[in-house]
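The values are calculated or read from the model by the stated rules, or taken from the named source; none is laboratory data. These figures come from a predicted structure and were not determined experimentally. Using ideal geometry, Cβ is built from the backbone for each residue, glycine included, and neighbour counts are taken over all protein chains shown.
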Amino acid sequence: MRIAVLSEVSARDKNGYIIEALRGVDARVFNVGMSDEVTVPELTYIHTGLMAALALETGAADFVVGGCGTGLGFMLSVMQYPKVFCGHIIDPVDAWLFSQINAGNCISLALNKGFGWAADINLKYIFEKLFCDEAGRGYPPHRSESQRESKALLSEISRITHADFAAIIEQIDKSTLETVREHKVFTDFIRDYGAEGKVKDIILNR
């Protein structure tokens, strides 16, 4: 599994905590947003929401970890795009229930609000519980079948209610798209791991 971490400007200083907390997860982690080493261009949650959706759409990432000050802005941003199922995760129980019931492919973390004493430990436990069991098993067990049916229905609703991804990014605000293209660590990630197709071609401007 490939996990993309996408930090935006208001919570860039928390990026190192996320990367450290993910060290115990059996996955390849790609730090493709803002970090101590990558400070420009500045990415808002608008940019990282688009980038997360692009990483999932092209298959470069199987799962995305994002967030912002409250976690709400990034969640709202990324959910504007097709085939993205994002949970707002505050604690390890949220993480485990999101995995078991919703089986989503993206989480949004509150990285300023409430980020205090032992927040690094909370992050570690969040990732432990998020990835400790096979996703989508259901909870409680007697609700499993109904929850799987709901997930399938939600996926179909997402397909119906969203435009084709290539059509979306062809119409999106050009300055937003250019900022994403300028973020080399991200475009390199898409180039190396994204599936060939129109979406990848547009992002790589080729």
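At-a-glance table
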{"read-out": "Count of the range 147-171 residues which are farther than 28 Å from PHE98 by Cβ and of a type in the set (Val, Ile, Thr)", "value": "0"}
{"read-out": "Pair list, Cβ < 8 Å and 6+ apart or interchain, from the range 102-131 residues that are within 16 Å of CYS86 (Cα to Cα) to residues that are of a type in the set (Asp, Glu)", "value": "ASN105/ASP62; ILE126/ASP91; ILE126/ASP94; PHE131/ASP26"}
{"read-out": "Answer from ALA21, ALA95, ALA53 - the residue that is closer than 28 Å to ASP173 by Cβ and assigned to a helix (DSSP H, G or I)", "value": "ALA53"}
{"read-out": "Criterion violated by GLU170 - all others in (1) surrounded by 13 or more Cβ atoms within 10 Å (Cβ to Cβ); (2) of a type in the set (D, E, K, R); (3) within 20 Å of the chain's Cα centre (by Cα) satisfied", "value": "(3)"}
{"read-out": "Qualifying residue in the range 94-110 (condition: among the hydroxyl-bearing types (Ser, Thr, Tyr), in contact with a Lys or Arg (Cβ under 9 Å, 6 or more places away or on another chain) and closer than 21 Å to VAL9 by Cα)", "value": "no"}
{"read-out": "Residue list for the range 121-167, restricted to those being among the acidic types (Asp, Glu) and either within 30 Å of LYS200 (Cβ to Cβ) or surrounded by fewer than 15 Cβ atoms within 10 Å (Cβ to Cβ) (or both)", "value": "ASP133, GLU134, GLU145, GLU149, GLU156, ASP164"}
{"read-out": "Residue within the range 102-115 that is part of a helix (DSSP H, G or I) and farther than 30 Å from ASP201 by Cα present", "value": "yes"}
{"read-out": "Among residues of the range 132-165, those that are part of a loop (DSSP other than H, G, I, E, B) and either over 28 Å from ASN31 (Cβ atoms) or touching a residue at least 24 places away in the same chain (Cβ under 8 Å) (or both), counted", "value": "11"}
{"read-out": "Identity of the residue in the range 1-40, among the small types (Gly, Ala, Ser), surrounded by fewer than 20 Cβ atoms within 10 Å (Cβ to Cβ) and within 18 Å of ILE121 (Cβ to Cβ), that ends up modelled with the lowest pLDDT", "value": "GLY24"}
{"read-out": "The range 1-18 - residue that is in a helix (DSSP H, G or I) and of a type in the set (Lys, Arg) and, of those, nearest to ALA119 (Cα to Cα)", "value": "LYS14"}
{"read-out": "Residue tally, condition in a helix (DSSP H, G or I), in contact with a Lys or Arg (Cβ under 8 Å, 6 or more places away or on another chain) and touching a residue at least 40 places away in the same chain (Cβ under 8 Å), over the range 166-199", "value": "2"}
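Yes/no per residue for (1) touching a Gly at 6+ places or on another chain (Cβ under 9 Å); (2) farther than 25 Å from GLU37 by Cβ:
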site: PHE165; (1), (2): no, yes
site: GLU170; (1), (2): no, yes
site: VAL180; (1), (2): no, no
site: VAL185; (1), (2): yes, no
site: PHE189; (1), (2): no, no
site: GLY194; (1), (2): yes, no
site: ILE202; (1), (2): no, yes
